[in-house]
Each structure stands twice: as C-alpha cells, then as structure tokens.
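Taking it in order: structure first as structure tokens, then the write-up.
A short reminder: the numbers here are calculations on the coordinates, not readings from a lab. What you see is a predicted model, and the numbers here were worked out from it, not measured in a lab. Here the Cβ is made from the backbone with ideal geometry for all residues, glycine too, and neighbour counts use every protein chain on show.
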Amino acid sequence: MALKVLVVDDELDLVDTCARLIEGLGHVCLRAFDGPEAIELIDSEQPDLVVTDFNLPHGDGFGILRHANENSPGIPVIMMTGYHTADMAQAASEAGVKAYLRKPFMTNDLMQAVRNALAIPRQ
Amino acid sequence: MTFDSARPPGSEWYSRPLRLVLIYVIVGGLWVGVSDVIQLNFAFFPIAVDRLIFIAITAVLSYIVVRENRIVIEQSRAAENESAARIRAYFNSAAEGLIVVDSQGRIVDANAKVVQMFGYTEPELIGQPIEMLAPERLRGQHGGYRAEYMRAPISRPMGFGRDPVGRRKDGSEFPIEVSLSYFATRQGGIVTGYITDVTERRQLEFQSRRSEAMAAIGTVAAGVAHELNNPLAIISARAELVIAEASNRGLPDQLLNDLQVIHRNAHRASRVATELLTLARTPQKSHKPLNLNDLVNEIMLLFREQTARDGIQIETALDPQLPPVSGDHTALSQVLTNLLSNAREAMPAGGIIRMKTCSAAQPQAVRLTVEDTGNGIPDDAAAKIFDLFYTTKSTGTGLGLWLSKRAGREHGGTIEVKSQVGQGTIFIVTLPALRTEPEQTPDPIAIPQAGRS
C-alpha cells in the first residue's frame with residue numbers, strides 16, 4: 001500500500017534525491033523546503049512519515065518533530081543532519097526520532113530507515 | 001670571679017676591664033706611695049692606709065661599672081645579630097627571588113630563591129655584574145637600561161613592553177618578571193630586584209590562547225561541516241543511484257568503478273569536516289563503564305563489508321575476561337575508527353587487520369591492539385605520527401591520530417605505535433581498567449510468573 005512520506009530539506013537536489021529513493025520503495029512523496037511549509041503539509045496531508053533535515057530556514061527539525069508529535073501523535077520522524085555532534089544525536093534520540101542519519105548518508109541506510117519507520121504500525 | 005665562670009677561659013671580655021682597673025690601682029698606689037714618701041718623710045702609714053682603701057674601693061666600683069656596661073653592650077649586640085639573622089631568614093624564605101645591586105650594577109646580595117632559580121651559588125653571585133643573569137645577547141642592552149634607571153630611580157616593574165628573560169648557570173633561559181625598588185644608603189644608592197619565574201604562567205597563557213583559537217576553529221568547522229555535507233550528501237546519493245542503474249543495465253565495469261571512486265571520495269571529503277568539528281568541540285564527555293570488546297564488535301559491523309571489498313580480512317582475538325574501562329563511547333569509537341581507517345589505507349593491495357584485546361597486569365590496565373600487514377612506517381615518520389596536522393597521505397587531514405592520542409590521554413591511557421617497514425604497523429591502546437568492587441552473587445529471587453487470565 002502506498003503511504004505518504006514528507007521530505008523536508010532546503011536543498012532542492014537533496015529533496016529530489018530522497019524522493020526518488022522513497023518513491024522507489026513504492027510510496028508517495030511530499031516535498032517541503034522550510035519549517036512553515038512542512039508544518040502546513042503535516043496538518044493538511046497527514047503524512048505517514050516525515051524525513052527532515054535539522055537545519056531549516058524558519059525553523060528546525062526539532063520544531064517539526066514537536067509539531068508532528070502534538071498534532072499527529074505517533075507519526076514517525078527521521079532526522080538528517082550535516083552538522084553532526086554526539087550531543088545532537090543524543091538530543092534527537094531523546095526527542096523520539098525514529099532514525100538519525102548523518103549527511104552524507106548511504107542510500108541503503110535511508111531506505112532501511114524508511115522501511116523500518118513505516119513497518120511499525122501507528123498507534 | 002664567680003659571675004664569669006660561664007665564660008670560656010681566655011675569653012677577653014672581662015680581662016680588659018680588669019687590666020684597666022689594675023693599671024688604675026698600680027698608678028694610684030704608686031702615686032700615694034711616692035707623694036707620701038716625699039711629703040711625710042716615710043711617716044706615711046696611717047694616712048696611706050686611708051688613701052689605699054679609697055683606691056681599692058673606687059677600683060672595685062669602676063670595675064663593676066665597666067663590666068655592667070659591657071654586658072649591656074654584649075646583649076644588645078646579640079639582639080642585633082639575632083634580628084639580622086631573622087631578617088636574613090625572611091630574605092631567604094621569600095617565594096620570590098630577591099637580589100640587591102649597587103649603583104655600579106654589582107650584586108651585593110641575593111636570596112636562596114635566586115640561587116635556586118639561576119643555579120649559581122651565593123659566592124659566585126656576590127660582586128658580579130647583574131648582567132650575568134641575563135642572556136648574552138641582551139647584556140649590552142641591559143647595561144643601558146640600568147644606567148637609565150639609575151638616573152631616575154623609582155620603584156616600578158622592569159621592562160615595559162619587553163619580556164625579560166633570565167639565564168641560568170647552565171645557559172638555559174626562562175621568562176621572568178622583575179620589579180625594582182631603589183634605596184638611598186650612606187654607601188650610595190642600591191636597587192632591589194624582585195624576580196619571579198613566570199614559566200608556568202606563560203604556559204597557562206599559551207594554553208588559554210590556544211583553546212580560544214580552537215573555539216574559533218570550531219565555529220568555522222561547524223559552518224564548513226554543514227555547508228559541505230549537504231552537497232556531499234547529494235553527490236553521494238546520486239552516485240549510488242547511478243551505480244544501482246548501471247548494475248541493473250549491465251553497463252561496463254569501468255563505469256561502475258568510476259562511480260564508486262566518486263562515491264568514496266564524497267565520503268572522504270565529509271570526514272575532513274567531521275574531524276575538524278571533533279578537533280574543536282569542547283570536550284564534554286560522559287564516562288561510563290564500557291567493554292572494549294563491545295566497541296570492537298560494533299565497529300566491525302561498520303567496517304567488515306567495506307574492508308572485504310578492498311580485499312582486507314579482519315581477524316579479532318577478544319579476551320572474554322576483559323575488565324571494563326571507564327570511557328566515553330563516542331570518543332573511543334572515534335579512536336578505533338581512526339585506527340581501522342589507517343590500517344585499511346595502509347593496505348591498498350589488501351591484507352589482514354588483527355584486532356586484539358587483553359588485560360595488562362601492571363598496572364591494572366586494558367590493552368587493545370590494531371595490527372595491519374601494510375607497508376609500515378619509517379622511524380622518522382613514526383615519531384611524528386601523532387602530531388597535529390602531520391600526515392603522510394595525500395588525502396589525510398593530519399587530525400585523526402592527533403585526536404586519538406588526545407582521547408587516549410583524556411582517558412588516562414596511552415596510544416603507541418610500533419612499525420617495521422615492509423612488515424606492517426601495530427597501534428597499542430592502553431587504558432586503565434575500571435576498578436570494580438568484588439561482585440557479590442545476588443541471592444536468586446523467585447520471580448513470580450505473570451499469570452494469564
């Protein structure tokens with residue numbers, strides 16, 4: 001069954017790349033390029049999964065995670081970041097992200113993370 | 001005389017007054033005798049006795065007066081000596097070097113700290129020009145400064161805008177701080193210099209400047225990491241997509257190989273930014289008990305496939321009895337990752353990496369070795385291999401091993417390298433074992449089975 005995945009990153013090429021990989025898994029991809037756009041799409045489209053960058057114009061990945069948790073409880077979030085530190089990884093894990101990917105990531109890692117996140121049924 | 005019994009024989013202090021009194025008695029006696037003989041025509045007896053008694057009494061009294069006076073002088077001299085000794089003791093116990101110089105620049109006095117600081121004995125210093133304590137190259141200059149100071153002597157720190165340097169007897173130099181005081185005495189002006197060895201303070205200043213520089217690098221690195229990793233993520237992911245396409249369509253191996261090179265290098269570039277970040281990040285670590293065997297197994301998961309592709313086999317020999325260490329998981333994984341990456345890069349034509357853990361008895365420590373069968377490192381390179389920005393690889397950053405060494409030190413351990421050109425290299429990580437209280441076997445407690453109802 002095709003599920004809706006929202007990809008958020010300010011880099012168009014990266015969003016496209018992720019979208020191709022996710023669509024390759026048979027899902028439908030929604031695209032957002034900053035915080036407000038992502039939040040609007042979460043509210044209107046109710047995606048099954050959010051894959052988001054940490055650094056975003058007008059907001060960050062944690063803001064999106066918080067919004068998703070408050071408005072669509074149980075929606076899994078995968079966080080990507082080019083600015084990796086141990087603190088960031090720990091914060092992401094404590095905030096409840098389903099997977100934490102360091103850029104540049106392996107396409108297999110992203111696809112596996114998407115598969116895992118969607119395999120767990122939402123409560 | 002009874003009150004002199006405590007004095008050693010031959011002591012002069014009472015013989016002189018006694019001698020004076022005896023002279024008085026003899027002269028007085030003679031005078032009495034002669035004058036009476038002349039005046040009274042040998043019929044002097046009753047009068048002479050009278051006069052002689054007077055002379056005897058005055059002799060005894062004057063002896064007592066002179067002696068008392070002498071005791072007072074002696075006592076005040078002893079007190080003076082004692083206070084001089086005390087002042088000397090203060091002078092010598094000062095934590096700073098104190099040196100006294102006359103108006104010609106000759107050393108008049110120096111305390112124990114100066115002796116210790118400069119390595120000369122006191123007799124070697126006294127009477128010598130003060131310039132002997134300055135490096136040769138600065139001696140001429142110093143003479144000029146000294147003459148200038150003597151023209152307008154005020155108490156002030158020495159060397160505005162200069163960093164004064166002291167020279168020890170053995171020729172070594174060290175940074176000092178000197179403050180000067182001027183005293184006018186009857187023998188002419190003297191200058192007292194208070195000398196502090198500031199070697200340690202300078203080192204601290206250097207370290208703090210260095211950590212500021214590191215923080216600045218950190219800020220830059222964070223920006224670089226972010227700006228670099230986004231495009232690298234795109235390059236890497238697109239290369240993977242094309243690799244997948246290429247294999248599906250049965251395109252030539254050469255194309256596949258080219259793409260893999262692109263992909264590998266995108267990841268290598270991202271490592272530069274990551275390492276820069278690690279270099280500059282403020283160390284805020286959580287040390288937890290961890291087992292190096294677990295760490296090796298985790299890293300193996302990441303490396304096994306990559307290395308297999310490069311024709312490298314990884315062998316492990318892990319001691320099941322290995323005691324835990326107290327360590328920061330991220331930092332130690334980084335160390336292991338660095339050592340493995342190095343080993344891999346040392347064997348472009350393939351080979352074997354052996355990872356071994358064992359415990360070292362004295363002192364209680366844990367040892368992890370990473371051995372490769374690569375080209376080996378020549379001795380001169382091995383000596384510098386842990387230096388910051390030192391690298392032998394055209395693609396290296398010179399950070400990895402430096403960071404590893406730092407991490408080892410932060411864990412109270414060491415990292416050493418042994419290498420034989422043509423044979424291979426072995427890195428030895430030694431970390432202190434975590435002291436654990438002898439564990440008590442808990443009494444088996446019956447866990448009630450959860451009933452299903």
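Which entries in the list B:169/B:405; B:288/B:405; A:98/B:405; B:113/B:384 go over 30 Å, if you measure between the two C-alpha atoms of each? Spell out each step's value before the answer.
Numbers: B:169/B:405 36 Å; B:288/B:405 19 Å; A:98/B:405 34 Å; B:113/B:384 38 Å.
Beyond 30 Å between Cα atoms: B:169/B:405; A:98/B:405; B:113/B:384.
Put one equal scatterer on each alpha carbon of the protein assembly as shown, apply the Debye formula with no solvent term, and list log10 I(q)/I(0) at q = 0.05, 0.08, 0.09 1/Å to two decimals.
Once normalised to I(0) and log-transformed, intensities are -0.48, -0.83, -0.94.
Using alpha-carbon pairs under 8 Å, 6+ residues apart, how would you state the relative contact order of region B:43-191 in percent?
Values: 153 pairs, mean separation 25.1, N = 149.
About 17 percent, as a whole number.
What residue among A:17, A:81, A:52 has the largest mean-square fluctuation in a Gaussian network model of chain A, using Cα springs under 10 Å?
A:17
Scan around residue B:109 for amide H atoms under 5 Å from its own, H built in the peptide plane at 1.01 Å from N, and keep only partners 5 or more places away or cross-chain.
B:100
Counting partner chain Cβ atoms within 10 Å of every residue's Cβ in A:15-22, what's the average? Write out the running numbers ahead of the final one.
On the way: counts 1, 3, 8, 3, 0, 3, 4, 0.
Average per residue, whole number: 3.
Any idea what the dipole of region A:30-123 comes to, in debye rounded to 20, about its Cα centre with Lys/Arg Cβ at +1 and Asp/Glu Cβ at -1?
Once rounded to the nearest 20, the dipole reads 380 debye.
Projected onto the charge dipole of region B:200-282 (+1 at Lys/Arg Cβ, -1 at Asp/Glu Cβ, origin at the Cα centre), which of B:220, B:206, B:233 gives the Cα projection farthest towards the positive end?
Of the candidates, B:206 comes out farthest on the positive side.
Sum -39500 (n - 2.57) across every DSSP H segment of at least 4 residues in the protein assembly as shown, then divide by the residue count to get the 222 nm mean residue ellipticity, nearest 500.
Values: 16 runs with 290 residues, N = 576.
One gets -17000 deg cm²/dmol as the mean residue ellipticity at 222 nm.
Per 0.36 nm of contour for each residue apart, how much would the distance between residue B:267 and residue B:203 grow if the chain were fully extended, relative to their Cα-Cα spacing? Present the calculation step by step, with values, prior to reporting the outcome.
Details: separation 64, 0.36 × 64 = 23.04 nm, distance 3.84 nm.
Length gained between residue B:267 and residue B:203: 19.2 nm.
Along the charge dipole of chain A, Cβ charges K/R +1 and D/E -1, which of A:25, A:104, A:78 sits furthest on the positive end?
A:25
Using a 10 Å cut-off around each Cβ, can you sort B:103, A:93 from fewest to most neighbouring Cβ atoms?
The fewest-first ordering by Cβ neighbours comes to A:93, B:103.
Could you work out, residue by residue across A:100-109, how many beta carbons of other chains sit within 10 Å of that residue's beta carbon, and then give the average as an integer? Please list the in-between numbers first.
Values: counts 0, 1, 4, 12, 17, 6, 5, 9, 2, 0.
Taking the mean over all residues of the peptide, I get 6.
With Kirkwood's inverse mean 1/r over C-alpha pairs for Rh, give me the Rg to Rh ratio of region B:287-432, two decimals please.
Values: Rg = 14.4 Å, Rh = 15.3 Å.
Here Rg/Rh amounts to 0.94.
Within the set of other residues whose C-beta is less than 11 Å from the C-beta of residue B:110, count the net charge using Lys and Arg as +1 and Asp and Glu as -1.
Details: positive: B:113; negative: B:109, B:122, B:124.
Here the charged neighbours net out to -2.
Whole-Hz ³J(HN,Hα) for each residue in region B:101-109, computed from phi via Karplus 6.51 cos²θ - 1.76 cosθ + 1.60 with θ = phi - 60°, x for glycine and proline: what do you get?
Per residue, the Karplus-derived 3J(HN,Hα) values read 10, 7, 5, 8, x, 8, 6, 9, 7 Hz.
How big is the charge dipole of the protein assembly as shown about its Cα centre, in debye rounded to the nearest 20, if each Lys and Arg gets +1 on its Cβ and each Asp and Glu gets -1 on its Cβ? Could the numbers behind the result be given before it?
On the way: 56 positive and 66 negative charges, 409 e Å.
It works out to roughly 1960 debye.
Taking region B:200-282, how much of its Cα-Cα pair set, in percent, is spaced more than 17 angstrom apart? Present the calculation step by step, with values, prior to reporting the outcome.
On the way: 2030 of 3403 pairs.
Looking at region B:200-282, the distances longer than 17 Å represent 60 percent of pairs.
Among rounded, prolate and oblate, which fits region B:278-372 when a ≥ b ≥ c are the square roots of the eigenvalues of its C-alpha gyration tensor, a/c under 1.5 means rounded, and a/b larger than b/c means prolate? Before the final figure, lay out each step's value.
Values: a/c = 2.18, a/b = 1.33, b/c = 1.63.
Judged from the Cα gyration tensor, region B:278-372 comes out oblate (a/c at least 1.5, b/c at or above a/b).
Per residue of B:232-244, count partner chain C-beta atoms within 10 Å of its C-beta, then hand back the mean as an integer.
Details: counts 3, 16, 11, 3, 6, 13, 6, 2, 8, 5, 0, 1, 4.
If you average over the peptide's residues, the count of other-chain Cβ atoms is 6.
Tell me, rounded to the nearest percent, the portion of alpha carbon pairs in region A:4-118 spaced more than 24 Å apart.
On the way: 806 of 6555 pairs.
Everything past 24 Å amounts to 12 percent.
Please report Rg (one decimal) and Dmax (integer) in Å for the Cα set of region B:94-197.
12.6, 37
Which percent, to the nearest 5, of DSSP beta bridges fully inside the protein assembly as shown are antiparallel?
Values: 54 of 77 bridges.
The antiparallel fraction comes to roughly 70 percent.
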